[in-house]
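Report on the following structure.
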There are 2 protein chains.
Amino acid sequence: MTVGIRHDDLRRRNRAMVIGAVRRAGQPSRTEIAGTTALSHSTISAIASDLIGEGVLVEQKSVEAAALKRGRPQVAIALNPRAGTVVAIVLSLNSLTGTLIDYSGQTIASETRRFATQVLPRNDLIGETLAIVRRLVERGRDEAPRVMRIVLAIQGITDSGARTLLWSPIMPHTDIGFADLLEGATGIPVTVENDCNMMAVSLRWRHQRRYRDNFIALLLSHGIGMGLVLRGEVFTGTRSSGAEFGHMIHRPGGALCRCGRQGCVEAYAGSYAIWRNAMRLPEDSQPAADIPDEEMARLAEKARAGDGPEREAFRKAGAALGFGLGSVFALFDPAPVAMVGHGASAFDLMEGAIREAIAQTAGGQHSNAISFDIDTDEMRLIREGCAMRALTFVDDEIFAPGSDSQAAQGRIVA
Amino acid sequence: MTVGIRHDDLRRRNRAMVIGAVRRAGQPSRTEIAGTTALSHSTISAIASDLIGEGVLVEQKSVEAAALKRGRPQVAIALNPRAGTVVAIVLSLNSLTGTLIDYSGQTIASETRRFATQVLPRNDLIGETLAIVRRLVERGRDEAPRVMRIVLAIQGITDSGARTLLWSPIMPHTDIGFADLLEGATGIPVTVENDCNMMAVSLRWRHQRRYRDNFIALLLSHGIGMGLVLRGEVFTGTRSSGAEFGHMIHRPGGALCRCGRQGCVEAYAGSYAIWRNAMRLPEDSQPAADIPDEEMARLAEKARAGDGPEREAFRKAGAALGFGLGSVFALFDPAPVAMVGHGASAFDLMEGAIREAIAQTAGGQHSNAISFDIDTDEMRLIREGCAMRALTFVDDEIFAPGSDSQAAQGRIVA
DNA sequence: AGGCTTTATTTCGAGCCTCGAAAAAAATAA
DNA sequence: TTATTTTTTTCGAGGCTCGAAATAAAGCCT
């Protein structure tokens, strides 16, 4: 039910806003903050001195940024790196990466383990995850301020509370309650997030102009994933985690998908689907478990070299993506799209078909106006997004705590 | 940019909340309001007495609701009908309806005009609209408090500012700046809204339990429309007005749609499409301009009577709707669906195919859990939603005015 | 060098707002 | 009539933000 604003919420929200402004702007002055937040200078001054007193923010004696202007120079304010740390864990196919990050976002330590996720027993997988978390938290205890938050990014579907991995394509196990497990072991709050959503979070921080209120991050790799930002918030469903774009139906009764259904977008645009078509295998043949990036690069080269089944395979992939995007654009309006992952390196082979397909759909009027960006390194984006998600949780929940904060309701404001 | 909460926002927001609580609850007591809003009794008391003093609310001396409990009886608070009025205009195929509504939501006067929207010249259409508005506003001036808001609901696409009708299937004219026109003529603030969105607003008010945070209102008539409520807000695109569900692509390159494209959901599920299939006309034949409801009822009867092209036509419509809904459910999670409009009276003929199609899509795990309601009277819903939209604008903008209100940003909180 | 100008930040009192406790009001029960 | 119960109002207290004024810290100018 609608809830009123209580008097003590006021300060809390404004504190959160000041912290947020500093995180976004990097090293703003008090005057700058007052400008962006529409609060008075006196208020900003009061809140800033509180936060500095608490060790959340620090004044930056930046001699280098010597103002060339007249007048008292502005004092830059920055996040205090020693205010706390967070741990970001990324679990993806055959690899597990953990990173310890200070409050200002700098990496303190990082560690990667490789193992076959597809065959690793359930308890070993959980054990590996727990161990990497433990090592990082331990390291935090020795060398750095305490760990205040852990976020796991996993390819797959999580529950709406971001506590349990319900299903993942990278392993046979289901319903792993990572949040409870790790919280139990460490006493640190944990959430489990979808990898594509973290990509979107990262893009939003990296390119604040282009990716702000509405955009799409599309992961093109073995499978197809989507992170959707609407009105400045990562869109997560009410029961589960993310936009299952890859499993929208492109052609009813069509090609066999990894998920067992037929005609999904992924069954045309995933690596395995492109490979299957390039090999002239029937559309209902069982999807391959994994196609090496090198093999896909080879197919792309062949497709670029001349017409043939390879080129046709990429064209079909483009058409599936285009019709899928067209459906998304029919519901919202066209928005910028970031193509992420190794599959995006073949974007040149798909762009024509994508635009052609979009042009045939309701959102198609602006087909040419839609901009696509390419970023083939999905891991970096996921890691960064994961870290930002953890840090903004600390911003909102720890340093500006309160009952009705958005993060507490599971919303991700990126 | 993120904006801070200023001190004066506080009162304004809490005022808006009290007004909203009264509108939702009907005749709550102060204690009841305090309960739902989490504000203290003293605050509610203060705000309520302000609003009563301003004539926005009134105490209801309801002798009938005599409390059977001990203790001082609660005094019911209600919206003051005489606090103001609004005008709701619904423009749909061949009919124009205007309604004058008092602040408590009671209809004071209503008027309907019939003319052929498909052929009426642009200026005549505008003239008719202006005339009906003028008559109602004039009537308001004589018998009732002043008109504070006008909302038009039109089948079609509006701009994101809700000021201009960009395109509508019920008439050949485009880009009619209704808001500017009517504001210029009356001096009363105006918005132009999509009819399906108003259906959703109305459903949200009528069935507060079932339709609250996430649901879909699907208009089944000559065309197919959708009103989408996500997180308690009617979802409107960034550039235009509504979810173009009817023009999501069901089968790439498929049946000819009224919009000129091929394979849209509407090209299978709109009345004209069902009729075309029932008549065994080719899928690429030109859509009929209008199919009378009686004719559709006749087809439905035939379909119920036994197998044949009619039954097959409804089955195809169901499949298209089902796959479309499946795509929507792939992006969000499954949500309750209200089937609205005359087409919904044949829901029994489509339900099987709808559920079957949904079961083949990503959201399909819960296919059986998805509940469908039927409401064949779309006009009533549109009218009501339109009125509520206008009234809540008055609640938020006039009686609790401020710069950063959600309504001012074009959001519809229903 | 020293005063002037400009810009940033802090200080301070005023004005609101919400809250909790206590008082007042209005009914029923005994 | 008195006690009890429940609702509503009243009344400081404490907080918060705001605007104005004061203070701080530079560059500019003579």
Check your understanding: Amide H to amide H under 5 Å from B:HIS250: which residues, 5+ apart in sequence or cross-chain, H placed 1.01 Å off N in plane?
Key -> B:CYS264, B:VAL265
Exercise for review: Taking every pair of alpha-carbon atoms in the protein assembly as shown, give the share separated by more than 55 Å as a whole percent.
Suggested key: 14 percent
Review point. Just from the alpha-carbon atoms, what are the Rg and Dmax of the range B:149-208 in angstroms?
Key: 12.3, 37
Exercise for review: For the range B:7-79, with all protein chains present and a 1.4 Å probe, just round the carbon and sulfur fraction of the accessible area to a whole percent.
Suggested key: 53 percent
Review point. Taking H as built 1.01 Å from N, whose amide H comes closer than 5 Å to the amide H of B:THR158, not counting residues under 5 places away?
Key: B:LEU166, B:SER241, B:GLY242
Exercise for review: With chain B rotated onto chain A, spot the residue of B whose Cβ lies nearest the axis and note the distance in whole Å.
Suggested key: B:SER327, 3
Review point. Can you run phi through the Karplus equation (6.51, -1.76, 1.60; θ = phi - 60°) for the range A:81-89 and list ³J(HN,Hα) in whole Hz, with x for Gly and Pro?
Key: x, 8, 6, x, 9, 9, 10, 10, 10
**Study point:** Within the accessible area of the range B:211-370 (1.4 Å probe), percent carbon and sulfur
**Key:** 48 percent
Practice item. Please work out the Kirkwood hydrodynamic radius for chain A, using every pair of different C-alpha atoms, and report it in angstroms with one decimal place. Key: 22.8 Å
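Top to bottom by accessible area (1.4 Å), largest first, where do A:SER168, B:SER49, A:SER285 land?
Putting A:SER168, B:SER49, A:SER285 in descending order of accessible area: B:SER49, A:SER285, A:SER168.
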Study note, to complete from the structure: Ordering B:378-388, A:118-128, B:3-13, A:338-348 by per-residue average of other C-beta atoms within 10 angstrom, highest first, gives B:378-388, A:338-348, B:3-13, A:118-128
Check your understanding: To the nearest 10 degrees, how steep is helix B:347-359 against the longest Cα principal axis of chain B, on a 0 to 90 scale?
Key -> 90 degrees
Exercise for review: Find the sum over both chains of the accessible area lost when B and A are paired, probe 1.4 Å, and report it in Å² to the nearest 100.
Suggested key: 5000 Å²
Check your understanding: How big is the shadow of the Cα convex hull of the range B:7-79, averaged over all directions, in nm²?
Key -> 5.1 nm²
Review point. From the phi of every residue in the range A:158-173, what ³J(HN,Hα) in whole Hz does the Karplus formula 6.51 cos²θ - 1.76 cosθ + 1.60 yield, where θ is phi - 60° and glycine or proline is x?
Key: 10, 6, 5, x, 6, 10, 10, 7, 7, 7, 9, x, 8, 7, x, 7
Check your understanding: How far is A:ALA38 from itself in the other copies, in nm, if each label sits 7 Å out from Cα along the Cα-Cβ line, shortest first?
Key -> 2.3
Check your understanding: What is the dipole size for chain B, taken about its Cα centre, with +1 at each Lys and Arg Cβ and -1 at each Asp and Glu Cβ, in debye to the nearest 20?
Key -> 960 debye
Study note, to complete from the structure: Label model pair B:ILE52, A:HIS7: point-to-point distance (7 angstrom along the Cα→beta-carbon line) in nm is 2.3 nm
Check your understanding: So if R0 is 25 Å, what FRET efficiency would B:ARG304 and B:GLU128 give, r being the distance between their Cβ atoms, rounded to the nearest 0.05?
Key -> 0.05
Review point. B:LYS69: accessible area at probe 1.4 Å, nearest 10 Å²?
Key: 140 Å²
Check your understanding: With each label point set 7 Å from Cα along the Cα-Cβ vector, what nm distance links B:ALA109 and A:ASP159?
Key -> 5.8 nm
Review point. Where the convex hull is taken over the Cα atoms of the range B:211-370, what is its projected area averaged over directions, in nm²?
Key: 9.2 nm²
Revision key, fill the gap. Going residue by residue through the range A:291-303, the Karplus relation 6.51 cos²θ - 1.76 cosθ + 1.60 with θ = phi - 60° gives ³J(HN,Hα) values, rounded to whole Hz and with x marking Gly or Pro, of 10, x, 4, 5, 4, 5, 4, 5, 4, 4, 4, 4, 5
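Quantify how strongly other chains surround peptide B:16-28 by giving the mean number of their Cβ atoms within 10 Å of each of its Cβ atoms. Let's see the in-between values first.
On the way: counts 2, 5, 2, 0, 1, 3, 0, 0, 2, 0, 0, 0, 0.
So the per-residue partner count for this stretch is 1.
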Study note, to complete from the structure: Rounded to a whole %, the carbon-and-sulfur portion of the accessible area of the range B:106-147 at a 1.4 Å probe is 44 percent
Revision key, fill the gap. Over the range B:211-370, with neighbouring protein chains present, the accessible area per residue in Å² at probe 1.4 Å is 33 Å²
Check your understanding: Looking only at other chains, what is the average number of their beta-carbon atoms within 10 angstrom of each beta-carbon in B:248-256?
Key -> 5
Point to revise | Label spacing, shortest first and in nm, from B:ASN123 to its equivalents in the remaining copies (7 angstrom along Cα→Cβ) | key: 8.6
Exercise for review: Between the label point of B:ARG304 and that of the same position in each other copy, find the distances and list them shortest first in nm, with every label point placed 7 Å from Cα along the Cα-to-C-beta direction.
Suggested key: 6.3
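Between A:GLU312 and A:ASP142, what FRET efficiency comes out of the Förster formula 1/(1 + (r/R0)^6) with R0 = 51 Å and r the beta carbon distance, rounded to 0.05?
Given R0 = 51 Å and the Cβ-Cβ separation, E is 0.35.
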Practice item. Mind listing the long-range amide H neighbours of A:ALA109? Cut-off is under 5 Å, sequence gap 5 or more, other chains count too, H placed in the peptide plane at 1.01 Å from N. Key: A:LEU100
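The values are calculated or read from the model by the stated rules, or taken from the named source; none is laboratory data. Predicted model only: the values in this text are computed from it and were never measured. Every residue, glycine as well, gets a Cβ built from its backbone with ideal geometry; the counts of neighbours run over all protein chains shown. Each accessible area value is taken on the protein alone, full model and side chains, heavy atoms only, with ligands, DNA and RNA left out. Shrake-Rupley method; radii C 1.70, N 1.55, O 1.52, S 1.80 Å.
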